[in-house]
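Notes follow the structure.
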Amino acid sequence: MTVLYGHRTRDASGVVTLDTTISTIRSLKTLRVTCNGSFEQNFPIPEITSGAFVVVDTIKYGSATSTWSPQAWYSPGNLMIRRGGTESWQVSILSNQTAETVTAQYGLRSKNDLVRTQIDSVNRALNVLYKGSFTFYGFQNPTPPGWINGFDFPYPITTYERPFVFLNTPDGGFFQGFYVLGSPGNWTGWRVARFDYPSVTGIEWKEQVVVNWYVASYSPGLISQGAYGERVRDYSGVDIFSTTNDICLMNSQPFSNDFTVRGPSISGTGFYYASSQMTWTGNVADYVLANALLSYVLVEAGASSPYRFNAAGWYKGNRSLLQAWTDNSNGISPVYPNGRTLFASRPMKPI
């Protein structure tokens, strides 16, 4: 169908920098909730509407195990967190532009054929701040760096909440052990580990796995300047959006409860990794949000092995499903990945 309504800008080379016929991701509200140690706890949050979705993330910092995340489910007006301990959690209420929000006095608003697009001082667009690619080299002798990889930011991201990190593999690959470096107000980088079990993943130990990635945030401090495009400022004159920046796009509805128990589990002496799968977009251009999906989960505080890892990714040549494994080392009551808030996205400008 021909698009009849919308707004588009280009840079000096003719590359599209803003296209309101494509749904961007915008912020409705960010808040923190604190759990009381219950196995499950509900939080009434009226800003969660039928047109909004939620990402629950840790605000702690440190290693992969110390920055574990809980399971979380949301419905209009309510957020439920499972195994949240007594920690505080960052709750980002986002929109793919179908939710009505508070009207702002500064910004840009346009309507396309289907939904309203808003980029203003209240409904801020999620900006791609850093992006790139690296290679996991696999097991070689001698082994080069590559079993854990990531990126150090040239300039810290100064938001209190952790930035969002999105991962993709051009030809399949699996991840685990995600965490962000730094601390609230001073995030300095991120790391992720490669996950392989060749007889099941179909990827040999020595195979290279190319990873494309980008980091997105609502930080107003990294707005780039340029001679072409549009810029949005808030009431105090601070730049909050510019088409010289890249925009994080929504390419599917978000998921938190769509994993089903299927696919090949992995077992051996002293370990068992339960398999789950989720229907995915079928498009190799789509990235997955790593923050909650690939974080550890706390199963039993004070136990000798209190944390369980989550691994996820794609098989070679198959983007119709997202494959996940969850550590179930004691063989009892596996913690499946439902409740890991995630969604498919891509940057406006290709990497």
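The values are calculated or read from the model by the stated rules, or taken from the named source; none is laboratory data. Not measured: the values here are computed from a predicted model. Quick reminder, even Gly has a Cβ in these numbers, built from the backbone with ideal geometry, and neighbours come from all protein chains shown.
Quick notes on this structure:
- Counting the residues of the stretch 50-82 that are out of contact with any Phe, Trp or Tyr (no Cβ under 7 Å at 6 or more places or on another chain), buried (at least 17 other Cβ atoms within 10 Å of the Cβ) and part of a loop (DSSP other than H, G, I, E, B) gives 3.
- Per this entry, residue 280 is not counted among residues that are crowded, with 16+ Cβ neighbours inside 10 Å, farther than 23 Å from residue 59 by Cβ, touching a residue at least 12 places away in the same chain (Cβ under 8 Å) and in contact with a Gly (Cβ under 9 Å, 6 or more places away or on another chain).
- Identification of strands (runs of 3 or more DSSP E) wholly contained in the stretch 214-258 with 2 or more residues that are touching a helix residue (DSSP H, G or I) at 6+ places or on another chain (Cβ under 8 Å), at pLDDT 65 or above and over 22 Å from residue 14 (Cβ atoms) yields 239-242.
- Enumeration of residues in the stretch 31-49 that are polar (S, T, N, Q), assigned to a strand (DSSP E or B) and either modelled with pLDDT under 95 or loosely packed, with under 15 Cβ neighbours inside 10 Å (or both): 34, 42
- Looking only at the stretch 312-334, and only at residues there that are crowded, with 19+ Cβ neighbours inside 10 Å and under 14 Å from residue 271 (Cα atoms), the one that is modelled with the lowest pLDDT: 334
- Selection within the stretch 232-271 - among the hydroxyl-bearing types (Ser, Thr, Tyr) and free of Cβ contacts under 8 Å to residues at least 40 places away in the same chain: 236, 242, 260, 267, 269
- Condition met for residue 295 (assigned to a strand (DSSP E or B) and out of contact with any helix residue (DSSP H, G or I) (no Cβ under 8 Å at 6 or more places or on another chain)): no
- When residue 166 is tested against the conditions (1) at pLDDT 90 or above; (2) under 25 Å from residue 242 (Cβ atoms); (3) in a loop (DSSP other than H, G, I, E, B), the lone failure is (3).
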